[in-house]
Amino acid sequence: MKIIVIGATGTLGRAVTAELENDHEVVKVGFTDGDIQVDIADIASIKAMFEQVGPFDALVATTGVVHFGPLADITQDQWQLGLNNKLMGQINLVMEGAKHISEGGSFTLTSGIISKDPIRFGASASTVCSALEGFAASAALELPRSLRVNVVSPTMLEESVHLFGAAFAGFEPVPAAVVAKAFRKSVEGAKNGATLYVQGRT
C-alpha cells in the first residue's frame, strides 16, 4: 500500500513510519521536514499536499496542536488553536483525502488518552480528543466507497516523559513503538469507526 504519514518526523510519526515502511510505501509528510510539507490548519495546504501525493491507499495522522493551561485562563484564541489545528486539521485530512484515496482505503487519526481520563489543565485537549473520536464513529457510517476511519488514542509516550511526565502523574507511559502497532492494526485490519486505546496498566 501507499501510505501517507502526516507528522512523520515527530516522535510518534517516526515510530509509525518504522512500523510500516518495511511492508508498504510510506510518504513522509511534516510541517517543515519530510518528503512533503503540509500545514493541517490550512485547507489550501492540505489540498496542495494531496495533489502532490496523487493516489494513495491509507493516511495516518500523528500530528495536531492544542493548548494546555488552567481552564479559567483559556482564551478564545487558545480554544481555537486546538479546534482549528488538531480537530479540524485531521477532519479536513479525511474530507479532502476521501476525494483522492483508493476504494477501500483507510484514515487513522490520533486523539489521546485524556479523552476518557482527563488531567488538570487539559480541558482544551480533552475536548478536541473526544470530538475526534466522535467524528470517526459518525463519519464511518457515511464514508463512500468502503472507506474506513479510525482513531488511535495513546497514553503518554515513554519518549515524552521528560516533557510531560509531571502533568500525567500516575499514568504508565508506553513506548512509541508499541503505540505504532495500533496504527498498523487500523491500517491493515478491518476496524471502522473505532477508537483504539493504547495505555499502560494504570
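Some points to look at:
- Portion, in percent, of the accessible area of the chain that falls on carbon or sulfur, probe 1.4 Å: 53 percent
- As computed over region 19-105, the Cα convex hull volume per residue (Å³): 119 Å³
- Per residue, the average separation of C-alpha pairs within less than 8 Å and at least 6 apart gives the chain a relative contact order of 20 percent.
- Nearest-ten-degree value, helix 176-188 long axis tilted from longest Cα axis of the chain: 40 degrees
- Nearest 10 degrees, 0 to 90: helix 43-53 Cα axis against the chain principal axis: 40 degrees
- Think of a 1.4 Å ball rolled over the protein heavy atoms: region 151-202 then has 51 Å² of accessible area per residue.
- R0 of 25 Å, Cβ-Cβ distance residue 177-residue 121: FRET efficiency to nearest 0.05: 0.35
- The order of 31, 168 by accessible area, most exposed first and with a 1.4 Å probe, is 31, 168.
- Distance between region 2-56 and region 71-86 - C-alpha centres, whole angstrom: 25 Å
- The lysines within cross-link reach of residue 191, meaning a Cα-to-Cα straight distance under 17 Å and a gap of 8 or more places when in the same chain, are 181.
- By the rule of a C-alpha distance below 26 Å, with chain neighbours fewer than 8 residues away ignored, the lysines paired with residue 185 are 2, 28, 86, 99, 116.
- Lys, Arg +1 and Asp, Glu -1 on Cβ, resulting dipole of region 1-96 about Cα centre, debye, nearest 20: 120 debye
The values are calculated or read from the model by the stated rules, or taken from the named source; none is laboratory data. Here the structure is a predicted model, which is why all the values come from computation and not from measurement. Note that each Cβ is placed from the backbone with ideal geometry, even for glycine, and that neighbours are counted across all protein chains shown. Heavy atoms of the whole protein, side chains included, go into the accessibility calculation; ligands, DNA and RNA do not. Shrake-Rupley method; radii C 1.70, N 1.55, O 1.52, S 1.80 Å.
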